[in-house]
Amino acid sequence: MYKVIKIVIIMGILSSIFSCKVEKDISIYRTEEFKKKEQTFKLSLDEAGQKCIEYILKEEIANDGFFDLDIIYGDYYIFKPKWEPYNLKTGNYNLSGIWINGNTGEIKEVKTNKRIKVILENTSHISYTRRIEKDKEEN
């Protein structure tokens with residue numbers, strides 16, 4: 001009887017360990033991890049930023065005239081065309097935005113309430129920011 005209970009407990013522990021959801025890698029802009037992750041991509045941050053501008057203009061996505069990027073999430077640069085509040089106390093970061101895959105260039109607009117825990121240092125973190133405007137040559 002004790003063997004059966006012991007086996008059930010061990011199986012329960014093992015199944016809970018191996019069934020845990022693994023979060024994607026998070027790299028914060030202006031950190032060494034971000035630089036290393038960006039180097040593994042085919043698209044640089046500036047190239048992805050340009051693709052983001054083109055996508056926002058083409059799809060006429062509501063924006064503040066600028067967009068920001070704070071993180072790479074998995075293989076995606078996450079650009080924010082509208083300002084969103086970030087609470088340093090909770091560290092909750094909303095994953096909504098324009099996602100651009102750094103390897104394939106795939107672009108998708110993600111609207112979600114999903115949040116991840118990220119600490120963006122209040123005094124030292126500065127987002128990657130670009131102005132959203134058409135190329136001067138096109139005007």
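Please treat every number below as a calculation from the coordinates, not as lab data. What you see is a predicted model; the values in this text were computed from it and never measured. All Cβ positions, glycine included, derive from the backbone under ideal geometry; neighbour counts span all protein chains shown.
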Pick out the one residue from 38, 121 that is touching a strand residue (DSSP E or B) at 6+ places or on another chain (Cβ under 9 Å), in a helix (DSSP H, G or I) and not aliphatic (A, V, I, L, M).
38
Can you tell me which condition residue 44 does not meet? The list is (1) small (Gly, Ala, Ser); (2) touching a residue at least 24 places away in the same chain (Cβ under 8 Å); (3) surrounded by 12 or more Cβ atoms within 10 Å (Cβ to Cβ), and all the others hold.
(2)
With the requirement that a residue be over 14 Å from residue 29 (Cβ atoms), surrounded by 14 or more Cβ atoms within 10 Å (Cβ to Cβ) and among the aliphatic types (A, V, I, L, M), what does the range 49-85 give you?
53, 56, 57, 61
Per-region count, the range 55-107, residues in a helix (DSSP H, G or I) and under 16 Å from the mean Cα position of the chain (by Cα)
0
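Kindly indicate whether any position in the range 117-126 is in contact with a helix residue (DSSP H, G or I) (Cβ under 6 Å, 6 or more places away or on another chain) and surrounded by 11 or more Cβ atoms within 10 Å (Cβ to Cβ).
Within the range 117-126, the first condition is being in contact with a helix residue (DSSP H, G or I) (Cβ under 6 Å, 6 or more places away or on another chain), and the residues that meet it are none.
Within the range 117-126, not a single residue is in contact with a helix residue (DSSP H, G or I) (Cβ under 6 Å, 6 or more places away or on another chain) and surrounded by 11 or more Cβ atoms within 10 Å (Cβ to Cβ).
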